[in-house]
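Mind looking over this structure? Questions follow.
The values are calculated or read from the model by the stated rules, or taken from the named source; none is laboratory data. Please read all numbers here as calculations on a predicted model, not as lab measurements. Here the Cβ positions follow ideal geometry from the backbone for every residue, glycine too, while neighbour counts run over all protein chains shown.
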Ligand code: SAH
């Protein structure tokens, strides 16, 4: 059976409210010695069972897998994957012809802290953010195959950059089940090349799907700038929405190749689209006032609480440039994916930018992450993506 970890007196409160993390400072003592990634039982100071989870060296010492005293075996992984898949079918993102690009497992949001699984057609791209998920990866991969009704045939494991460096696991990316070179996935009827081998995260930003649909709805007849375009998700939707002109910009030349490929896949030889490899601030400074729709979806400006103030200044500076140049009657889609930047912080930063420009600005929509990136109600930290759609007079 699993080894026991005893908490200090009074440190069980957050667990009683089902928060899935145990910080190292809450631990009184451990029975025996532990290997990183091992499953442990967590007990209160007076010996009452609280949870089982994955142990790891670091500030978050245990990531809770269950608040029941159970064994973490194949049946456990099958159950969790089955529930997650059923939910994705229920919300209409899985099991349809029109869409086979979705997040199947969203860490704490699916009661599996440390695990992310994105589905692209028949391939699951799996990312472990904890040593425990790495240790259990083969059981998880089997559950992905057996519990998704044939939807998943291949599992690509991509944890080289997400596992703690110090754990020294020597992990390499690669297929751990099946294997396929077919990397075209369908999102809302549009096709995308997914570069899970070299792309950022699992190869695609699945979390903007609903926001891209909303953009499509407003794109008709507009001249659009998609800043921080990466694979060009927003650009492809804008083309289908009937935009007059679409310019995609990213500082990475690889991203520009990807967006061109994805446009060609859906709208071959369509002269409305052009892509540029340039720095955002340089481009925004140099551009004219030709755009009446601008998307700003930058990388996280703050990764930690210490950089919050700097990050907010960055969001203000960036958005101020868009407010300055967008055509009257223009629509701005602006985002932050920094977890430490709250909805209110972000709104204040954008408010400051609007005030600097002196333009009249209305909030049309307040956006967030989609339903396949659920937030565990006991883990509010799971909320990260926020956006505003603004009408600029
Ligand atoms: N909107 C994209 C995701 C954006 S990810 C989507 O829907 O998929 C952030 C992107 O910003 C990355 O592709 C990164 O290469 C790019 N980037 C980072 N710093 C940049 C800068 N200074 N100027 C332009 N692009 C930048």
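Is at least one residue of segment 210-224 assigned to a strand (DSSP E or B), over 21 Å from residue 315 (Cα atoms) and more than 9 Å from the ligand (Cβ to nearest atom)? Even if it seems obvious, please write down each step before you answer.
First pass over segment 210-224, keeping only residues assigned to a strand (DSSP E or B): 223-224.
Of the ones still in play, those that are also over 21 Å from residue 315 (Cα atoms) are 223.
After this cut, where a residue has to be more than 9 Å from the ligand (Cβ to nearest atom) as well, the list is 223.
So far as segment 210-224 goes, yes, one or more of its residues are assigned to a strand (DSSP E or B), over 21 Å from residue 315 (Cα atoms) and more than 9 Å from the ligand (Cβ to nearest atom).
With respect to the numbered conditions (1) out of contact with any strand residue (DSSP E or B) (no Cβ under 7 Å at 6 or more places or on another chain); (2) near the ligand (Cβ under 9 Å from one of its atoms), which one is the sole condition not fulfilled by residue 242?
Result: residue 242 fails condition (2) only.
Please verify whether segment 266-277 includes one or more residues that are near the ligand (Cβ under 9 Å from one of its atoms) and assigned by TED's automatic domain parsing to the domain that holds residue 368.
Within segment 266-277, one or more residues are near the ligand (Cβ under 9 Å from one of its atoms) and assigned by TED's automatic domain parsing to the domain that holds residue 368.
All but one of (1) within 23 Å of residue 235 (Cβ to Cβ); (2) within 15 Å of the ligand (Cβ to nearest atom); (3) surrounded by fewer than 21 Cβ atoms within 10 Å (Cβ to Cβ) hold for residue 329; state the number of the condition that does not hold.
Just one mismatch for residue 329, condition (2).
Could you say whether any residue in segment 151-170 is within 15 Å of the ligand (Cβ to nearest atom) and at pLDDT 95 or above?
Within segment 151-170, not a single residue is within 15 Å of the ligand (Cβ to nearest atom) and at pLDDT 95 or above.
Among the numbered criteria (1) under 25 Å from residue 298 (Cα atoms); (2) out of contact with any strand residue (DSSP E or B) (no Cβ under 7 Å at 6 or more places or on another chain); (3) touching a residue at least 60 places away in the same chain (Cβ under 8 Å), which one does residue 161 miss?
Among (1) under 25 Å from residue 298 (Cα atoms); (2) out of contact with any strand residue (DSSP E or B) (no Cβ under 7 Å at 6 or more places or on another chain); (3) touching a residue at least 60 places away in the same chain (Cβ under 8 Å), residue 161 violates only (3).
Let me ask something additional. Say whether the condition of being out of contact with any strand residue (DSSP E or B) (no Cβ under 9 Å at 6 or more places or on another chain) and within 30 Å of residue 63 (Cβ to Cβ) is met by at least one residue in segment 378-389.
The answer is yes, given that some residue of segment 378-389 is out of contact with any strand residue (DSSP E or B) (no Cβ under 9 Å at 6 or more places or on another chain) and within 30 Å of residue 63 (Cβ to Cβ).
Then there is this: Take segment 279-304 and flag every residue that is near the ligand (Cβ under 9 Å from one of its atoms) and free of Cβ contacts under 8 Å to residues at least 12 places away in the same chain.
Of everything in segment 279-304, just one residue is near the ligand (Cβ under 9 Å from one of its atoms) and free of Cβ contacts under 8 Å to residues at least 12 places away in the same chain, namely 282.
While we're looking at this one, here's another question. Please state which one of 307, 338 is under 28 Å from residue 252 (Cβ atoms), buried (at least 17 other Cβ atoms within 10 Å of the Cβ) and within 16 Å of the ligand (Cβ to nearest atom).
Criteria check complete, one pass: 338.
If residue 255 meets every condition in (1) farther than 20 Å from residue 368 by Cβ; (2) more than 9 Å from the ligand (Cβ to nearest atom); (3) assigned to a helix (DSSP H, G or I) apart from one, which number is that one?
Single failed check for residue 255: (2).
Given the residues 312, 390, 332, which is the only one that is under 22 Å from the mean Cα position of the chain (by Cα), farther than 28 Å from residue 105 by Cβ and not in a helix (DSSP H, G or I)?
332
Right, residue 321: exposed (fewer than 15 other Cβ atoms within 10 Å of the Cβ), assigned by TED's automatic domain parsing to the domain that holds residue 226 and in a helix (DSSP H, G or I) or not? If you could, list the steps in order and put the result at the bottom.
Details: exposed (fewer than 15 other Cβ atoms within 10 Å of the Cβ): no; assigned by TED's automatic domain parsing to the domain that holds residue 226: yes; in a helix (DSSP H, G or I): yes.
Against the criterion (exposed (fewer than 15 other Cβ atoms within 10 Å of the Cβ), assigned by TED's automatic domain parsing to the domain that holds residue 226 and in a helix (DSSP H, G or I)), residue 321 does not qualify.
Would you confirm whether any residue within segment 194-204 is exposed (fewer than 15 other Cβ atoms within 10 Å of the Cβ), over 28 Å from residue 153 (Cβ atoms), away from the ligand (no atom under 13 Å from the Cβ) and not assigned by TED's automatic domain parsing to the domain that holds residue 104?
Among the residues of segment 194-204, not one is exposed (fewer than 15 other Cβ atoms within 10 Å of the Cβ), over 28 Å from residue 153 (Cβ atoms), away from the ligand (no atom under 13 Å from the Cβ) and not assigned by TED's automatic domain parsing to the domain that holds residue 104, which makes the answer no.
Further, regarding this structure: Can you tell me which condition residue 199 does not meet? The list is (1) touching a strand residue (DSSP E or B) at 6+ places or on another chain (Cβ under 6 Å); (2) closer than 30 Å to residue 332 by Cβ; (3) part of a loop (DSSP other than H, G, I, E, B), and all the others hold.
(1)
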